[in-house]
Amino acid sequence: MDFKSLVSHCKEYGFIFQSSELYDGLAAVYDYGPNGVELKNNIKAYWWQSMTQMHDNIVGIDSSIFMHPKVWKASGHVDAFNDPLIDNKDSNKRYRADVLIEDYCAKIEGKIKKDVTKAAKKFGESFDEEQFRSTNGRIIDRQKKIDDILGRMGNYLRDEDMVSLKALIEECEIACPVSGTKNWTECRQFNLMFSTQLGNIAGEEGKLYLRPETAQGIFVNFLNVQKTSRKKVPFGIAQIGKAFRNEIVARQFIFRMREFEQMEMQFFVRPGTEMEWYEQWKATRMNWHKALGTPESKLRFHDHDNLAHYANAAVDIEYEFPFGFKELEGIHSRTDFDLKQHQELSGRKVQYFDPELNENYVPYVVETSIGCDRMFLAMISNALQEETLTNAEGVESTRIVMKLPPAIAPMKAAILPLLKNDEALVKAAKDLFGEMKKHTKVTYDEKDAIGRRYRRQDAVGTPFCITIDHQTLEDGTVTVRDRDSLEQVRLSTKEAKNKVLLETQLATLL
Ligand code: GAP
């Protein structure tokens, strides 16, 4: 399904709404509707249980969004959490300089792809894409150009060389997509943190930041958690919570938001062992994604070219979104940077006494960090499909179906009386609904013909539909329809309930 249809589907079926839509919306801020919040909570529960329940050496916390301003000085975010921005003087539109350049390169890549597609058509089965790319003169030149531009851009970003970055935009003759002119301001660094003011302290002293990552809440609580939970290194601290970034370019729906949610885990290890743990967490996190049934071809690792100010190794798990492979999760070896910085700025020791080594040290940290909203988008875009069905008479029809893993689907089953005007059927359905809702998320629906009700449940990913018909009144059995195979089996109400509970529990993923 194309991206535009996916966005409309999310609104139509109560997954995601634009924030403050009544007032024409607030860019890059979104609200989750009734189905959306259930799906998001299930994703969070899957992550939380994988971390804190399946690992004996990981505990959770929930730290506050506001933190002492010095935290952000120590972490480097005040000085280094910047994006390079540039304005077009004619349209007054603001852009991220690196995104303008990346988009320019994406256009060249688009031309390459066109040539490849043409050639593939021409040569048919015998076409070898790799060979074509490495021998076709025009493609080689274009690829060289892309590599050169992106390579130079990477260097300028690393060196914070804003003058060369602007010169590169001019050299590529990049025009403003709105005004069409090349009338650019200077390039400058823009800090991504939102700030606000404490009520009782005026000026800089009372300046507070909305946290741009949840990780710092974990770092400053390292000693509190280690001492109270009596964990020994290696151990981890997990947290789920809101983060805020004043993104210049906000697009692609919930992919890049100004207010979003992160699921982060900091794993504290002995200095010198961090690369082993880094490799281990890479594998563990990739398996977490694969357990959801996401095709392997849609997931890949991508090593960072430019390391963040705190990392000595970093990799992204990328997912193939409808707009291409993009970062879904980051795994970072953060060294002892953060704890050391907090030790220095607070003037207090942030160290661990290792009883086996009989020595004190500042632990090293391997971090796994995933955006909950991005994970939501990945799940929806993988699951939402338009399917052609053929019935017994050979007649074709289409259905929109969201093939979410049952354990994270918003509703686990729909209870449907075959007819809404038949009191006995309605009573039996409501009785079953009343019983099942004590155990799991179920919905009751009696409106419209049964086929339409099935379609409505398909569209929101409900894995099972339980239909109560006249036979139910005779022998207490119901039909259970499977969302994906469309098979219907006849079971007793007890068997139906147990089937739903068993096949939709998070344990199926863990
Ligand atoms: N603590 C490390 C950290 O924050 P990051 O790569 O900046 O690292 C981690 O962010 C994850 O948070 C990303 O992989 C992404 O899933 C999510 N994320 C970051 N910025 C986001 C935004 N503006 N909107 C939605 N998700 C975002």
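The values are calculated or read from the model by the stated rules, or taken from the named source; none is laboratory data. Worth saying up front: this structure is predicted, and the values here are computed from it rather than measured. Cβ: placed from backbone, ideal geometry, glycine included. Neighbour counts: every protein chain shown. For accessibility, only protein heavy atoms count, side chains too; no ligands or nucleic acids. Shrake-Rupley method; radii C 1.70, N 1.55, O 1.52, S 1.80 Å.
Here is how the numbers come out for the structure above:
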{"item": "With DNA, RNA and ligands ignored, accessible area of residue 366 (1.4 Å probe; Å², nearest 10)", "result": "0"}
{"item": "Top positive-direction residue, dipole computed over region 340-390 with Cβ charges, set 346, 357, 379", "result": "346"}
{"item": "Per residue accessible area of region 439-510, 1.4 Å probe, in Å²", "result": "48"}
{"item": "Separation of alpha-carbon centers, region 388-427 and region 135-206, rounded to whole Å", "result": "50"}
{"item": "Degrees, to the nearest 10: 137-158 long Cα axis against longest axis of the chain", "result": "70"}
{"item": "Helix axis angle, 450-460 relative to the chain longest principal axis, alpha carbon, degrees", "result": "20"}
{"item": "For the chain: rounded, prolate or oblate by the Cα gyration tensor [a/c cutoff 1.5]", "result": "oblate"}
{"item": "Ranked packing of 11-19, 50-58, most packed first, by mean Cβ within 10 Å", "result": "11-19, 50-58"}
{"item": "Sites residue 31 and residue 246 - FRET efficiency at Förster radius 25 Å, r taken between beta-carbons, to 0.05", "result": "0.85"}
{"item": "Simple spin-label estimate for residue 391 and residue 259 in nanometres, 7 Å along Cα-Cβ", "result": "4.7"}
{"item": "Of 242/441; 44/290; 427/494; 113/282; 44/73, those spanning more than 19 Å from alpha-carbon to alpha-carbon", "result": "242/441; 113/282; 44/73"}
{"item": "Highest to lowest packing among 288-295, 454-461, 27-34, 373-380, scored as the average C-beta count within 10 Å", "result": "373-380, 454-461, 27-34, 288-295"}
{"item": "Radius of gyration, Dmax [region 194-337; alpha carbons; angstrom]", "result": "17.5, 54"}
{"item": "At R0 = 30 Å, FRET efficiency that the Cβ-Cβ distance of residue 2 and residue 178 yields, to 0.05", "result": "0.80"}
{"item": "Global geometry of region 253-338, whether rounded, prolate or oblate, following the gyration tensor of its Cα atoms and the 1.5 cut on a/c", "result": "prolate"}
{"item": "Separation in nanometres of the label points that stand 7 Å from Cα toward Cβ, at residue 305 and residue 64", "result": "4.2"}
{"item": "Rel. contact order, % - alpha carbon contacts under 8 angstrom, at least six apart, the chain", "result": "14"}
{"item": "0 to 90° range, to nearest 10: angle between helix 337-346 axis and the chain longest Cα axis", "result": "70"}
{"item": "Sulfur and carbon atoms: percent of accessible area, region 5-75 [1.4 Å]", "result": "54"}
{"item": "Extension gain from residue 398 to residue 23, taking 0.36 nm per residue of separation minus the Cα-Cα distance", "result": "131.4 nm"}
{"item": "Largest-first principal axis extents of the Cα set of region 5-57 (Å)", "result": "47, 19, 17"}
{"item": "Anisotropy class of region 386-486 from Cα gyration tensor, a/c 1.5 cut", "result": "oblate"}
{"item": "Average accessible area per residue (Å²) across region 12-101 - probe 1.4 Å, nucleic acids and ligands excluded", "result": "48"}
{"item": "Test item: Cα-centred dipole of the chain, Lys/Arg +1 and Asp/Glu -1 on Cβ, debye", "result": "620"}
{"item": "Heavy-atom SASA rank of 2, 103 (probe 1.4 Å, accessible area, largest first)", "result": "2, 103"}
{"item": "Rounded FRET efficiency, nearest 0.05, which uses the C-beta distance separating residue 325 from residue 128 and R0 of 30 Å", "result": "0.85"}
